[in-house]
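*Asks:* I have a structure here, written as structure tokens, and I will follow up with some questions on it.
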Amino acid sequence: MLTAVLAALVIPLSVVFVQPGHPIAVLVSLLVAVVFVADIVIRFNTAYQTQGRTITDRRVVARRYSTTWLWVDVAAALPVGIVLRIAGIPGESLIHLLSFVVLLKLLRVNRTLGRVAGPGVNPAILRLFLLGFWVMMAAHLIACGWMLILGNPEDLMPIARYIRAFYWTITTLTTIGYGDITPSGSAQTVFVILVEILGAGIYGLVIGSIASLVANIDVAKAQHREKVDRVNAFLRYKAIPAELQGKVNGYYGYLWETRRGYDEQVVLEDLPEPLKVSVSLHINKEMIERVPIFEQASEELIKDIIMNLTPVVFCPGDSVVTVGEVGFDMYFISKGRVDVVSADESTVYATLNAGDFFGEIALLLSTPRTATIRTREYCDLYRLDKQTFERVVGRYPKFAGKMKDLAEKRREELQRSMNGEE
Ligand code: CMP
């Protein structure tokens, strides 16, 4: 691809500035030919993917290549100028024209760059880059054409000539058209008319594309901002107190900072089961590694739990569970800290961190909640519902035993603290 781009830059320049038989022109076409021939050989030995399958059968690869790009590649690889010269065929302009076959290779730039960049690169930025590339490439070719057709009336050095021609191209393409360089003679006028028509198209394309691409560069951010704007408009309409509005905005700010506004569950919902398991395992790996009771748990158990976790976010000072209530679920802390507090919230019995869990006593021992859990800061929690919990406890007795031990210990501790208070 790089060679094709370099060839597309150098060959038109060499057409303007050096004669086809010039050593530099010969060297350039030879170098280009070597790389392009190597490219053809490599392409015959490159597998391709179709409908998710990788095709490695050489015959299939060869058949596909020879019915698609092979002829373009062969035409581009032929050092036309040299061949014609050796064959003794005269005609400068024919040689000039044929050497432009190299430009056909550029048709693959978009696809190749997309593949090289991979999914890690923002597609909008890639498209913006490609748009810039094509506009610049078109400007380069037009500038070279203009130099060829205009000749060198001011008797300038090559670099100054190119800069002047490029300047004329850009002012014409962008429809600025100062009119300081004007055509004389029919050939030049026709050329200018064509460039002006092309320029109007390119200008419209560039303005339109940039507007939509810039808006799409950060899709997640644009969507999040739109959502927050809508929520804020609603809050204002309902005359929600400023403090509460601030809290809602803080919550959205936290969602943006920690997950770029994406809802994990919505993203996962679309995936087929095995892919969902892999992505979920990856997302929750860190949290699971921090939970001591999962230390020797089997992969099956962890998978069973992970696939049934619901991510929930709590704001600072929220009560996640309240003492005395009936418990329907338990929680794992992925991020943030919570306090285990008394009913009147005056006594803090314990503070739990990322990797801890709570809410298991009510489920295991069938009692009302033994304490209130109050968040200290924004908390990312994962909720496990009672049904799944009971199924897991029934299926994995060792795990259930460990959890029961901890629940008993916690309850005793709590009892002791309460007695101490009394
Ligand atoms: P549950 O009773 O369902 O709801 C309150 C939770 O607080 C309880 O489950 C435990 O998970 C947790 N908890 C209670 N006492 C302690 C303690 N002493 N240390 C840590 N966590 C506790």
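*Asks:* To test your reading of the geometry: what angle, between 0 and 90 degrees and rounded to tens, separates the Cα axis of helix 242-259 from the longest principal axis of the chain?
*Replies:* On a 0 to 90 degree scale, this one is about 60.
*Asks:* What nm distance separates the two modelled labels at LEU13 and TYR262, each placed 7 Å from Cα along Cα→Cβ?
*Replies:* In this crude spin-label approximation the distance works out to 4.3 nm.
*Asks:* List the lysines whose alpha-carbon lies under 30 Å from that of LYS238, not counting same-chain residues fewer than 8 positions away?
*Replies:* LYS238 reaches LYS221, LYS227, LYS247.
*Asks:* Using only the alpha-carbon atoms, how far is helix 123-150 inclined from the longest principal axis of the chain? Give it as 0 to 90 degrees, nearest 10.
*Replies:* The angle comes out at about 10 degrees.
*Asks:* Once you keep just the Cα pairs under 8 angstrom separated by 6 or more residues, what percentage relative contact order results for the chain?
*Replies:* 10 percent
*Asks:* A further question follows. Tell me the GluC sites (Glu not before Pro) within segment 267-319 that lie in a loop according to DSSP and have at most 16 other beta-carbon atoms within 10 Å.
*Replies:* Those that pass, being in a loop and sparsely packed, are GLU295.
*Asks:* So, one more: Using a basic spin-label model with each label point 7 Å from the Cα along Cα→Cβ, how many nm lie between CYS315 and ASN45?
*Replies:* With each label placed 7 Å out from Cα toward Cβ, I get 6.4 nm.
*Asks:* Given the chain, what percent of its DSSP beta bridges are antiparallel, to the nearest 5?
*Replies:* Beta bridges within the chain, antiparallel portion: roughly 100 percent.
*Asks:* Could you run the Debye sum over the Cα atoms of the chain, one equal point scatterer each and no solvent, and tell me log10 of I(q)/I(0) at q = 0.10, 0.12, 0.13 Å⁻¹, two decimals?
*Replies:* Log10 I(q)/I(0), no solvent term: -0.86, -1.04, -1.15.
*Asks:* With a Förster radius of 25 Å, plug the Cβ-Cβ distance of VAL101 and MET157 into 1/(1 + (r/R0)^6) and report the FRET value to the nearest 0.05.
*Replies:* Working: r = 30 Å, r/R0 = 1.19.
For VAL101 and MET157, the calculated efficiency is 0.25.
*Asks:* How much length would be gained if the chain were fully extended between LYS398 and THR189, taking 0.36 nm per residue of separation minus their Cα-Cα distance, in nm to one decimal?
*Replies:* The span from LYS398 to THR189 would gain 66.4 nm if fully extended.
*Asks:* At a Förster radius of 56 Å, what calculated FRET efficiency corresponds to the Cβ-Cβ distance of ALA75 and ALA350, to the nearest 0.05?
*Replies:* Approximately 0.15, to the nearest 0.05.
*Asks:* When we measure straight from the Cα of LYS276, which lysines land under 16 angstrom away, once same-chain ones fewer than 8 places off are left out?
*Replies:* The qualifying lysines are LYS285, LYS303.
*Asks:* Here's another thing I want to ask about it. Based on the alpha-carbon gyration tensor of segment 43-198 and its eigenvalue square roots a ≥ b ≥ c, which shape applies: rounded if a/c is under 1.5, prolate if not and a/b is larger than b/c, or oblate?
*Replies:* oblate
*Asks:* OK, next. Relative to the longest principal axis of the chain, what angle (0 to 90°, nearest 10) does the C-alpha long axis of helix 186-216 take?
*Replies:* In the chain, helix 186-216 runs at an angle near 0 degrees to the longest axis.
*Asks:* Hey, another quick one. How far is the Cα center of segment 196-231 from the Cα center of segment 253-291, in Å?
*Replies:* 29 Å
*Asks:* Specify the inter-centroid distance of segment 157-187 and segment 388-419, based on alpha-carbon positions, in whole Å.
*Replies:* Taking the Cα centre of segment 388-419 as reference, the centre of segment 157-187 is 82 Å away.
*Asks:* Let a ≥ b ≥ c be the square roots of the eigenvalues of the Cα gyration tensor of segment 315-422; is it rounded (a/c under 1.5), or, if not, prolate (a/b larger than b/c) or oblate?
*Replies:* Oblate, since a/c reaches 1.5 and b/c is not below a/b.
*Asks:* While we're on this one: Quote the FRET efficiency, to the nearest 0.05, computed for VAL214 versus GLU408 with a Förster distance R0 of 45 Å and r equal to the Cβ-Cβ distance.
*Replies:* Once rounded, the FRET efficiency stands at 0.15.
*Asks:* Additional query: Tell me which of ASN232, GLY201, ILE163 sits at the most positive position along the dipole axis of segment 147-233, charges placed on C-beta atoms (Lys, Arg +1; Asp, Glu -1).
*Replies:* Most positive-ward Cα: ASN232.
*Asks:* Just to be sure I follow: if Rg is taken over the C-alpha atoms of segment 176-271 and Rh is the Kirkwood radius over the same atoms, what is Rg/Rh? Before the final figure, lay out the partial values.
*Replies:* Values: Rg = 25.0 Å, Rh = 18.2 Å.
Radius of gyration relative to Kirkwood radius: 1.37.
*Asks:* Quickly estimate the mean residue ellipticity at 222 nm for the chain, helices only: each DSSP H run with n ≥ 4 gives -39500 (n - 2.57), and the total goes over all residues, rounded to 500.
*Replies:* That calculation yields -20500 deg cm²/dmol at 222 nm.
*Asks:* Related question: For segment 291-299, just list the computed ³J(HN,Hα) in residue order, Karplus coefficients 6.51, -1.76 and 1.60, θ = phi - 60°, integers in Hz, with x standing in for Gly and Pro.
*Replies:* Result, rounded to whole Hz: 7, x, 5, 8, 3, 9, 5, 6, 4.
*Asks:* Shifting gears a bit: So how far, in whole Å, is the C-alpha centre of segment 302-352 from the one of segment 36-54?
*Replies:* Segment 302-352 and segment 36-54 have Cα centres spaced 55 Å from each other.
Any read-out appearing in this document is the output of simple, stated calculations on the displayed coordinates, not a laboratory observation. Bear in mind the structure is a predicted one, so any value in this text is a computation, not a measurement. Methodologically, a virtual Cβ is constructed for each residue, glycine included, from the backbone with ideal geometry; neighbour enumeration extends over all protein chains shown.
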